[in-house]
Amino acid sequence: MIRALTTRRTEMAPFLLLLPAIATMLFVVALPLVFSLWTSLTPYKLTKPDTLYDFIWFRNYIRIFADWDFWEAFLRTIAFLTVAINLEFALGLGIALLINKITWGQRGLRTIMMFPMMFSPILVGFQFKFLFNDHIGVVNNALQSLGLTDQAIPWLVDANLAMFSITLAEVWMSTSVFAILLLAGLFAMPRDPLEAARVDGCNPWQVFRHITLPFLMPFAYIAMAIRSLDVARAYDLVAVMTDGGPAGRTELLWTLIARTGYDEAKMGQANAMAYISTILSVLFTWHFYRKLVAARRYMGGAE
Amino acid sequence: MAEITLEKVVKKYGAVGVVHGIDLSIAHQEFVVLVGPSGCGKSTTLRMIAGLEDITGGLVKIGGQVVNDLPPRKRNISMVFQNYALYPHMNVRDNLGFGLKIAGQSAPEIAKRVAEAADILGLAPLLDRTPAELSGGQRQRVAMGRAIVRNPDAFLFDEPLSNLDAKLRGQMRAEIKKLHQKVKTTVVYVTHDQVEAMTLADRIVVMKDGHIEQVGTPMEVFNHPLSTFVATFIGSPPMNLLPGLIEGSTVRLADGTGVPVPDRLKQFVRDGMAVQLGIRPDDISPVGHGLSQDGPGAEVALTVDLAEPLGMESLIYTRLAGQEVQAKLYGPRIVQPGEVLTFRLALDRAHLFDAATGKSVRAQ
C-alpha cells in the first residue's frame, strides 16, 4: 500500500514540477485565447459588459465578411506584406553582398547596419511623419531646394503616396533583419562550389544566380518567416504616421481592429477580425517555414 | 590538342612569394602529377592553371594560347576539388549536367552525356539523390563525372582523394587511372601522397618551396633522385641517408666503416668530398632475404633494434655507422629485437649526394 503510493508519487513528480509552467501557460495564453474566441461570438461592447453573455453564433464573422472596408484592409495588408518583405529581401541581399566584399571596417559597418533595429517603431513613425510632412518636412524641403518640384507634395495625404511613405518607413526600419541573416549565410557559404561553378563555365552573374542565391534562400526564408509575423501586426508605424487615413486608404488589419474595438467599442467584432488576422499570419509563417524545411533538406551536404 | 605550358610562372601574395618562376610543359594527353609537401606551391600552381588564382608573373598557355587573363570559364578545363565542391542544392543529375546547361546545350544532349558519364562512373542508380545523401566515395565519383561530361581540354585534380579513407583511396586511385585510359585527356593532378604520384603519373613533378626539384617518369624519379629531398620524399619508407667522406674509391662513414663507391658513380666524386650515401630500405636486407643477391654489394653485421612484420616482409630498424636506418627483410621470417644478422647493402642501387648542396653527385 505504502509502496504503491510512493510509486505513484514518483510518477507524478514530472507533472508536479511542470505545474507552475502549465498553470502560467493556461492563464497567460490559453485563457485569453479562449476568452477572445468567445467574445468574437458575442456582440461584446466594452461599455456594456452584459453583452458578454449574449451568444450570437457567427454573426460577427458574417458581418465582417460582408463588409467591403474589412476586405480592403485585408487585401491591403497582404499587398503591404508582399511589397515590404520583397523590397527588404532585395535590399538586404544587396547590402549583405556588399558588406561581404568589404575587408576593412566590416565589423563597424555591420553594427551601423543594425541601428534602425534599435529604434522603437513609434519613434520611427514620428520621424518619418516629420520627414514626409508636406509643409515642414525635410523631403519636400529638399526637393524644392533642388528645384525638382515647386509644389508641396502631400506625402501622407494622398492615398497612394501615404502607402508608399509607410512602406518606405517599414523597409528602412527592417531591411537590416534580412541583411544580417543573409550576411550570416554568406559567411557560412563554402567557397569550393563557387570555384567549381566558375570552372564549370559560369560568369559571375550565373555563379550568383545558380549557386549563391540557392544557398542563401534558407536564410531568406527564416527572415521572411520572422518578418511576416512582424509586418502582419504592424500597427504602431501606421497608427502614428496616418492612423489609417486619409479616409481609410492606408487602413491595415490591425489599425482597423483597434478602431473597431476601442473607438467604436465593438470588441466582439474586433476579435472576430483579429482571429482572421491571426490565421493570416499563421498561414504566411507556415508557408515560409515549409519552404525553409524544403530548402534545408540538402544543406547537410554543403561542406 | 591541349598541351599546357608554364613559363617562368611566379605567384606572390603581397611580398610573400609562393611560386618562384617555374617552367613546365605538359604534353597532350599526358598525366602529370605535381607532388610535394604542404606549402610547396603545387595547389597554387594548379589554381593558376585553372584561373582561380591570378598569375603574378610569367605565362600560362593551354593549347598554345596564353590564358593569363582569361577567366576559368574560357579555359575549357574541368577541376575536381579536394572537398568535392558539389552543388548542395542540386541532385546528382543536375550536378553532372550543370556545366552543359550553362554552356547552352540542348536538354536531350545533356541527358545523353550525363547518362554516358554516369555509366562510366557507375553513378546511374544515384542520379536522383542530393549530395547530402551520398557517401564520400560516391561524392568523389560525382565530382569526377562533373569533370568528364564537359569534354574539356584538360582535367585538373586538386588532392581529390585526401578526404577518403585508405581503402577507398586505393579504389578511387585505380578508377582515376582507368578513367584516364578511357578518356584520353591531359591531366594535371596535385597530391602530397607519393604513392598516388608513383602509381598514376606519366611524369612526376616534385615541388619544394615554390621550386620544381625534379621532373621525370615515376621510375626515373625513384631510381635517380636528383636531390636528398626527392630521395626521401619519393619511396616509402624513405631512403636512408648516411653522411660520409670520399677516400679514394671508398665512402668512409661517420664511425669509420668503409663502403666502396659504386662503379657507376666513381666518375662523379673526387677525393675528400663530403657526401651523403643514400640507400633505400629495400636495398639493405639480411643475406638471403633481399631483392637481389648478385651485383656489387657490401656485407655488414647489424643488430636488430625493432622489427615490424608486414606478412611477407618485415621492416627492420637497426643502426649503421651510428645512425638509425631502416632495412627490409623479404620473406615470412620473424625477427626478434637484439638478433644480429648479416645485412647486404646492394650498392649498385645506392646514391651519393653532395653533403653541402644536397644535390646528387650526378647532377653536379
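For the reader, a short list of remarks on this structure follows.
- Checking the stated criteria, residue A:91 turns out not to satisfy the condition of being open to solvent by less than 80 Å² (accessible area, probe 1.4 Å), within 30 Å of residue A:213 (Cα to Cα) and assigned to a helix (DSSP H, G or I).
- Any chance residue B:114 is farther than 29 Å from residue B:10 by Cβ, more than 26 Å from the chain's Cα centre (by Cα) and away from chain A (no Cβ under 12 Å): yes
- Here is the figure for region A:251-282: residues that are open to solvent by 50 Å² or more (accessible area, probe 1.4 Å), not basic (Lys, Arg) and not in a helix (DSSP H, G or I) total 1.
- Selection of strands (runs of 3 or more DSSP E) fully inside region B:213-280 by the criterion of at least 3 residues being closer than 30 Å to residue B:193 by Cβ returns B:240-247, B:274-279.
- Residue check: residue A:246 meets all listed conditions (1) under 30 Å from residue A:154 (Cβ atoms); (2) out of contact with any helix residue (DSSP H, G or I) (no Cβ under 7 Å at 6 or more places or on another chain); (3) surrounded by fewer than 17 Cβ atoms within 10 Å (Cβ to Cβ) but one, namely (2).
- Number of the exception - residue A:211 against (1) within 14 Å of chain B (Cβ to nearest Cβ); (2) open to solvent by less than 30 Å² (accessible area, probe 1.4 Å); (3) touching a helix residue (DSSP H, G or I) at 6+ places or on another chain (Cβ under 8 Å); (4) in contact (Cβ under 8 Å) with a residue 60 or more places away in the chain: (4)
- With respect to the stated conditions, residue B:326 fails to be polar (S, T, N, Q), farther than 22 Å from residue B:236 by Cβ and not assigned by TED's automatic domain parsing to the domain that holds residue B:222.
- Being at pLDDT below 95, outside any strand (DSSP E or B) and loosely packed, with under 15 Cβ neighbours inside 10 Å holds for only one residue in B:151, B:163, and it is B:151.
- Yes/no for residue B:301 being of a type in the set (A, V, I, L, M, F, W, C), open to solvent by 40 Å² or more (accessible area, probe 1.4 Å) and more than 31 Å from the chain's Cα centre (by Cα): yes
- Test result for residue A:285, open to solvent by less than 70 Å² (accessible area, probe 1.4 Å), over 18 Å from the mean Cα position of the chain (by Cα) and among the hydroxyl-bearing types (Ser, Thr, Tyr): no
- Apart from one condition, residue B:242 fits all of (1) under 28 Å from residue B:273 (Cβ atoms); (2) open to solvent by 50 Å² or more (accessible area, probe 1.4 Å); the exception is (2).
- Residue B:231 vs. criteria among the small types (Gly, Ala, Ser), under 30 Å from residue B:354 (Cβ atoms), crowded, with 24+ Cβ neighbours inside 10 Å and more than 14 Å from chain A (Cβ to nearest Cβ): yes
- Conditions (1) at pLDDT below 90; (2) within 14 Å of chain A (Cβ to nearest Cβ); number of the one not met by residue B:119: (2)
- Residue within region A:170-177 that is within 20 Å of the chain's Cα centre (by Cα), open to solvent by 40 Å² or more (accessible area, probe 1.4 Å) and either within 14 Å of another protein chain (Cβ to nearest Cβ) or farther than 14 Å from residue A:218 by Cα (or both) present: yes
- Neighbours by Cβ (under 8 Å, 6+ apart or cross-chain): first from region B:68-93, free of Cβ contacts under 8 Å to residues at least 12 places away in the same chain; second of a type in the set (Ser, Thr, Tyr) and crowded, with 18+ Cβ neighbours inside 10 Å: none
- Residue check for residue A:184: among the aliphatic types (A, V, I, L, M) and open to solvent by less than 10 Å² (accessible area, probe 1.4 Å): no
- Residue list for region A:22-45, filter: in contact with a strand residue (DSSP E or B) (Cβ under 9 Å, 6 or more places away or on another chain) and not in a strand (DSSP E or B): A:43, A:44
- Each residue in region B:47-92 was checked for being within 14 Å of chain A (Cβ to nearest Cβ), more than 23 Å from the chain's Cα centre (by Cα) and not in a loop (DSSP other than H, G, I, E, B), and 4 of them qualify.
- Inspection of region B:127-134 identifies at least one residue that is more than 14 Å from chain A (Cβ to nearest Cβ) and out of contact with any Phe, Trp or Tyr (no Cβ under 9 Å at 6 or more places or on another chain).
- Residue list for region B:251-264, filter: in contact with a helix residue (DSSP H, G or I) (Cβ under 9 Å, 6 or more places away or on another chain) and either open to solvent by 40 Å² or more (accessible area, probe 1.4 Å) or of a type in the set (Phe, Trp, Tyr) (or both): B:260, B:263, B:264
- Consider region B:93-109 and keep the residues that are at negative phi and part of a loop (DSSP other than H, G, I, E, B). The one that is farthest from the other protein chains (Cβ to nearest Cβ) is B:106.
- The residue that is most open to solvent (accessible area, probe 1.4 Å), counting only those in region A:187-205 that are facing chain B (nearest Cβ under 8 Å) and over 18 Å from residue B:91 (Cα atoms), is A:198.
- Test: residue in region B:22-41 that is within 14 Å of chain A (Cβ to nearest Cβ) and of a type in the set (D, E, K, R): no
- The lone exception for residue B:248 - which of (1) in the same structural domain as residue B:343 (by TED's automatic domain parsing); (2) in contact with a helix residue (DSSP H, G or I) (Cβ under 7 Å, 6 or more places away or on another chain) it fails: (2)
- Residue in region A:141-160 that is surrounded by 20 or more Cβ atoms within 10 Å (Cβ to Cβ) and within 14 Å of chain B (Cβ to nearest Cβ) present: no
- Long-range neighbours under 9 Å by Cβ, at least six apart or interchain, first residue over 14 Å from residue A:291 (Cβ atoms) within region A:217-238, second open to solvent by 10 Å² or more (accessible area, probe 1.4 Å) and of a type in the set (Asp, Glu): A:238/A:251
- Any hit, region A:233-255, residues being within 14 Å of another protein chain (Cβ to nearest Cβ) and on the phi > 0 side of the Ramachandran plot: no
- The criterion of at least 1 residues that are touching a Lys or Arg at 6+ places or on another chain (Cβ under 7 Å) and within 15 Å of residue B:251 (Cα to Cα) is met, among strands (runs of 3 or more DSSP E) falling completely within region B:286-364, by B:297-309, B:351-354.
The values are calculated or read from the model by the stated rules, or taken from the named source; none is laboratory data. Since we're looking at a predicted model, the values are computed, not measured. Every residue, glycine among them, receives a Cβ derived from its backbone with ideal geometry; neighbour counts consider all protein chains shown. All accessible areas refer to the heavy atoms of the entire protein, side chains included, with ligands and DNA or RNA removed. Shrake-Rupley method; radii C 1.70, N 1.55, O 1.52, S 1.80 Å.
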